[in-house]
1. For segment 280-307, which residues satisfy the criterion of being within 16 Å of the ligand (Cβ to nearest atom) and modelled with pLDDT of 95 or more?
2. I'd like to check something: does segment 140-158 contain any residue that is within 16 Å of the ligand (Cβ to nearest atom) and surrounded by fewer than 16 Cβ atoms within 10 Å (Cβ to Cβ)?
3. Scanning segment 461-490 for residues that are of a type in the set (Lys, Arg) and not in a loop (DSSP other than H, G, I, E, B), which turns out surrounded by the most Cβ atoms within 10 Å (Cβ to Cβ)?
4. Scan (1) surrounded by fewer than 16 Cβ atoms within 10 Å (Cβ to Cβ); (2) farther than 18 Å from residue 212 by Cβ; (3) among the charged types (D, E, K, R) for the single condition residue 262 breaks and write down its number.
5. Only one of these conditions is not met by residue 315: (1) assigned to a loop (DSSP other than H, G, I, E, B); (2) modelled with pLDDT of 95 or more. Which number is it?
6. Here is a list of conditions, (1) under 47 Å from the mean Cα position of the chain (by Cα); (2) in contact (Cβ under 8 Å) with a residue 12 or more places away in the chain, and residue 25 meets all of them except one; can you say which number that is?
7. Is there any pair with a first residue in segment 192-216 that is in the same structural domain as residue 336 (by TED's automatic domain parsing) and a second that is more than 14 Å from the ligand (Cβ to nearest atom) and assigned to a strand (DSSP E or B) whose Cβ atoms are under 6 Å apart and which are 6 or more apart or on different chains, and what are they?
8. Quickly run through segment 235-277 and pick out the residues that are small (Gly, Ala, Ser), more than 13 Å from the ligand (Cβ to nearest atom) and touching a residue at least 40 places away in the same chain (Cβ under 8 Å).
Amino acid sequence: MSQRAKDWSTLHDWGVVRERDAPIFTQVYRQIRLAILDQRLQPGSKLPSTRELAQQLAVSRSAVVTAYDQLIAEGYIQGQKGSGTYVSSDMPATSTRPKPKLERTRNPTIQQFNLKSVADFTDVTMQGSALPFNLGRTLIDARTHEQWRRIAARTFRSLKQSHFGYSDPRGYLKLRNAICDYLRVARSVRCEPDQIVVTAGTQHAIDLIARLLPDANTDVWVEDPGYLPTRQSLAAHGARVHPIPVDKHGLIVKAGIKTAPKARAVFVTPSHQFPTGVVLSMARRLELIAWARDAKAWIVEDDYASEFRYGGHPLASMQGLDDNDRVIYIGTLNKALFPGLRLGYAVIPTGMLQALVTARYLSDRQPSTITQSIVADFMEEGYFAAHIRRMRLTYRTQRDALVSALQNSLHDKLVVDPPDQGMHLIAYLKYRLSDINIERAAHEHGVVVRAMSRMYMDAPAKSALMLGFSGYPERSIAPAVARLAKAIRN
Ligand SMILES: Cc1ncc(COP(=O)(O)O)c(C=O)c1O
């Protein structure tokens, strides 16, 4: 690591109070020693030169030299010839201040911070696990890696004034143009670049929309089972969340109308229901659009992972079907490319545009201009479309490998439902085996499976495992299934 990277101490607010009973050099010595002990100055940090510090403190240089000599003698700091003075790298990491811990208890802390009704906070540490078959992971092949590096390097070489300033909260126009072109062709979305708001991903879009609900206790429908963070975000903003059951045709619209006919919004995943993977049938789509028109409700179409379609007959977006401007279409580049990117988009009906742009501005002003610039070029130069085409083949191969490995070694324990789309599959457990117990046992065997029963609210929960297949090369799949089989049989 470069020394310069740790050169924070020049920013420290050094000062002497000129205590009557302590000489100046002692005060300088005590201050630096305390900063080292309570780790404001970390091992390896560079200290200011004696001349700089003397100037900053308005004391004589000899007082600082004496303090440094004392600290060197006691082993707190070390001089390096020609380079400066550093906090000793072998300082024990003891601290006089307790370090704040990531709070793991559930309700008490959350309630303290006014995240209403968020009882079961998603386990954020699990999300980052690279173990098979964690959900939501993607692969980046060598070609995409190389193209991405090249475009990123080019962008950084030719930084312009526009990269440094504030800009349109809707996002970079070139990126909105590229997203619009893509959505018109790939998903039959009706859009103009002006209606597109670039977000940090679908989760951000969901949260922004949840903020716009007219008042606390607004009725909203969500799918049951469904995507937990959607429900949690709505609850956190005070919505009255109504879980509406899902069958093999998707959301049961009649049940929604019966439960909360005057709901102001419905959040759906029509092209690949999360988690079950069913497609919302055309009849249900038309029923939902007609209800939203009459009830003046918003349909929030979460079209996550629609890029990865492996067969069957794809249905275009609901947004493209709706003539009444009631559908808010949201999508993500975090699945199409990689989750660390944190970029997604929402296509906003004109009547809601100003409100949503304001909410976006208040939440974090605008997306990062440099990242948007890289993605816009990546899309415009055709690499995005090529990436999707290649990854469809890769993920399909991985899906097939997972299906056959599960069928070979666990056909007596579970029934696999191979999906035509998406990045995960569902394996329904036989003989009332508990998905929660298997989730835990699998983790002990180095495999991540998510219990689908956790995704239910009111509907009778099915015991099934959710297995992501997109993030794991074909060769790693069979060995991981063998470990899962061992966990289940034990
Ligand atoms: C149904 C659904 N919606 C939204 C998201 C969030 O995606 P993003 O990473 O773009 O916030 C996910 C992520 O797994 C998802 O499964």
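1. Passing the criteria: 280, 299, 300, 301, 302, 303.
2. yes
3. That would be 483.
4. It fails just one condition, (2).
5. Result: residue 315 passes all but (2).
6. (1)
7. 195/347; 196/347
8. Result: 235, 236, 238, 260, 263, 265.
The values are calculated or read from the model by the stated rules, or taken from the named source; none is laboratory data. This is a predicted model, so every value here is computed, not measured. When we count neighbours, we look across all protein chains shown, and the Cβ atoms used for this are built from the backbone with ideal geometry, even at glycine.
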